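The values are calculated or read from the model by the stated rules, or taken from the named source; none is laboratory data. Predicted, not measured: the structure shown is a model, and the values here were computed from it. Methodologically, a virtual Cβ is constructed for each residue, glycine included, from the backbone with ideal geometry; neighbour enumeration extends over all protein chains shown.
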């Protein structure tokens, strides 16, 4: 999932960017309202973190302009202004949520997950594919082993193999799998995957999608790997 951070405080912008990237999100940054609005109009984002008090154009104006332009991307406003009137103005401008500075990064992550749950057809933090489970809260991917016994099953002390095993994925492999699970049964082009899983620094002419997808398929048990279908001439689809 790709997030745009529009925040003029350079240290905070970089800290948020690093923290979100460490949790598997693709992140792009803008440092003033004018730049942020331009990027939000041109590029596809799954979420925008928007500061209120910024040079050139404040966050309320940016939010208002984006909504008037038909942009429905979820917007989480960040501000040090905690008066009720300020919050009302932000929400009336079209923001989906409001977070007052200073805030704990863990709270920001929780707000981000909540906004992603409000997206069309998404009502959960946990995505499943038969016995495969991806939990966005813990960033763990596990799958059930046929015939295995759970490590919590105290009645069967002779069990040698757990019923559930965790997959070790890179952040990009995790992000790819999450995006497929969020868009099950939908044909996703390479452009779709590049827009929502990679940041602005990727080389659109490279085979980065193919390489990471190949690695993801190798790590997934065959029963799941074969469900990521290549749709020749179009892209990929998880069925």
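Just one of the listed residues (57, 113) is surrounded by fewer than 18 Cβ atoms within 10 Å (Cβ to Cβ) and at pLDDT below 90, and it is 113.
Checking each residue in the stretch 72-110 for being more than 18 Å from the chain's Cα centre (by Cα), surrounded by fewer than 17 Cβ atoms within 10 Å (Cβ to Cβ) and in a loop (DSSP other than H, G, I, E, B) picks out 80, 81, 82, 83, 101, 102, 103, 104. In this structure, is residue 210 modelled with pLDDT under 90, in contact with a strand residue (DSSP E or B) (Cβ under 8 Å, 6 or more places away or on another chain) and surrounded by 12 or more Cβ atoms within 10 Å (Cβ to Cβ)? The answer is no for residue 210.
Has the stretch 165-173 got at least one residue that is out of contact with any helix residue (DSSP H, G or I) (no Cβ under 7 Å at 6 or more places or on another chain), under 30 Å from residue 214 (Cα atoms), assigned to a strand (DSSP E or B) and modelled with pLDDT of 85 or more? Spell out how you get there, then give the answer.
Going through the stretch 165-173, the residues out of contact with any helix residue (DSSP H, G or I) (no Cβ under 7 Å at 6 or more places or on another chain) turn out to be 165-166, 168, 170-171.
Of the ones still in play, those that are also under 30 Å from residue 214 (Cα atoms) are 165-166, 168, 170-171.
Next, from what is left, pick out any that are assigned to a strand (DSSP E or B): 165-166.
If we keep only those that are modelled with pLDDT of 85 or more too, we end up with 165-166.
Yes, there is a match, as at least one residue in the stretch 165-173 is out of contact with any helix residue (DSSP H, G or I) (no Cβ under 7 Å at 6 or more places or on another chain), under 30 Å from residue 214 (Cα atoms), assigned to a strand (DSSP E or B) and modelled with pLDDT of 85 or more.
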